[in-house]
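For reference, the structure discussed in these notes is given below.
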Amino acid sequence: MARLLKFNIFRFNPQTPEVEPRMQEYVLEETEAMTLFIALNRIREEMDASLMFDFCCRAGICGACGMVINGRPGLACHTKTKDLPTDVTLLPLPVFKLVGDLSVDTGSWFREMYNKTESWIHTTKVFDDAAEEERMENEVAEAIYELDRCVECGCCVSACGTARLRDDFMGAAALNRVARFVIDPRDQRDDKDYYDIVGTDSGIFGCMGLLACEDVCPKHLPLQDQLAFLRRKMGITALKSLFGSKKKTC
Ligand code: SF4
Ligand code: SF4
Ligand code: FES
């Protein structure tokens with residue numbers, strides 16, 4: 001016999017602040033291969049058209065459906081109800097601005113952090129559209145691709161104790177993004193340039209290293225390695241600055 005799932009879902013619309021935030025219960029019969037994406041859509045279609053949540057790809061690619069599922073940030077489209085108990089509590093991701101109910105604005109946060117970390121290739125080379133494409137070693141390209149797999153879902157940021165305490169903390173996603181440019185040979189920034197961006201309490205030195213970020217990342221990015229890489233690199237850069245060296249370290 002199919003299970004009856006009881007969903008307790010956070011409800012609040014910042015457009016109507018006079019209505020207090022509350023938890024609302026919905027009961028749904030579980031179907032085969034049901035995901036939270038399917039469950040939430042059925043709730044919205046069959047019970048409550050006002051329920052707000054975000055989805056786009058349904059395949060773990062767009063990063064839009066991040067939410068706190070029974071206390072743990074995750075992607076709703078990737079979460080099968082058979083892996084959950086019958087009582088399911090859904091909350092919006094903390095840290096990000098609430099749009100309404102389970103919908104948050106991750107886009108503004110990522111844009112701000114990527115501006116802050118200058119997440120683009122810095123080069124003095126003038127672009128020549130007639131030139132042949134530059135080759136890159138396969139190993140380097142694969143290492144960059146590995147870090148570029150982030151779907152900007154925000155789960156790592158929501159799970160991060162430092163990000164929840166301080167608004168200016170870059171979080172694992174933005175630090176991972178910096179690490180991606182550090183290993184990109186097209187980027188001409190040196191260690192001191194990167195130190196100016198992430199060598200602070202709002203950057204790598206604010207990270208407590210408890211790695212909730214890596215635990216919850218639905219794309220299994222090697223965040224632990226990248227945080228350790230940046231911490232070591234920025235620590236060495238700080239020491240080297242005593243001797244006035246600006247060489248890149250590896
Ligand atoms: S390891 Fe650092 S970035 Fe990751 S959750 Fe902990 S404090 Fe946040
Ligand atoms: S690093 Fe992982 S958890 Fe963080 S935003 Fe990217 S995909 Fe999501
Ligand atoms: S809907 Fe795109 S990641 Fe879930």
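Values in this text are rule-based calculations from the coordinates and carry no lab data. In this text the structure is predicted, and so the values were computed from the model without any measurement. All Cβ positions, glycine included, derive from the backbone under ideal geometry; neighbour counts span all protein chains shown.
Overview of values
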quantity: Added length on full extension, which subtracts the Cα-Cα distance from 0.36 nm per residue, residue 15 to residue 196; calculated: 61.2 nm
quantity: Within the chain: Cβ-based charge dipole about Cα centre, in debye rounded to nearest 20 (Lys, Arg +1; Asp, Glu -1); calculated: 720 debye
quantity: Estimated vicinal HN-Hα couplings, Hz - the stretch 188-205 in sequence order (Karplus 6.51, -1.76, 1.60; Gly, Pro = x); calculated: 8, 5, 9, 4, 5, 4, 5, 4, 4, 8, 10, x, 9, 5, 7, x, 5, 7
quantity: Long pairs among 97/240; 6/219; 116/233; 125/219; 6/116, criterion Cα-Cα beyond 31 Å; calculated: 97/240; 125/219; 6/116
quantity: Amide hydrogen neighbours beyond the local backbone of residue 52, cut-off 5 Å, H modeled; calculated: 102
quantity: Beta bridges by DSSP in the stretch 4-104, antiparallel share as percent, to the nearest 5; calculated: 80 percent
quantity: Over the stretch 83-145: Kirkwood hydrodynamic radius from C-alpha pairwise inverse distances, Å; calculated: 16.6 Å
quantity: Dipole of the chain [Lys/Arg +1, Asp/Glu -1 at C-beta], most positive-end residue of 36, 176, 24; calculated: 176
quantity: Spatial separation of Cα centroids for the stretch 118-170 and the stretch 1-40, in angstrom; calculated: 35 Å
quantity: DSSP bridge orientation in the chain - percent antiparallel, rounded to nearest 5; calculated: 80 percent
quantity: Residue-averaged 222 nm ellipticity for the chain, from DSSP H runs of 4+ at -39500 (n - 2.57), nearest 500; calculated: -10000 deg cm²/dmol
quantity: Eligible aspartates and glutamates near residue 80 by straight Cα distance, threshold 13 Å, same-chain separation 8 or greater; calculated: 30, 32
quantity: log₁₀ of I(q)/I(0) at q = 0.10, 0.12, 0.23 Å⁻¹ - the stretch 4-104, Debye sum with one point per alpha carbon; calculated: -0.24, -0.35, -1.36
quantity: Rg to Rh, two decimals, where the chain supplies the alpha carbon set and Rh follows Kirkwood; calculated: 1.05
quantity: Rel. contact order, % - alpha carbon contacts under 8 angstrom, at least six apart, the stretch 1-48; calculated: 36 percent
quantity: Å³ per residue enclosed by the Cα convex hull of the stretch 182-247; calculated: 93 Å³
quantity: Between 0 and 90°, nearest 10: helix 138-147 axis offset from the chain longest Cα axis; calculated: 40 degrees
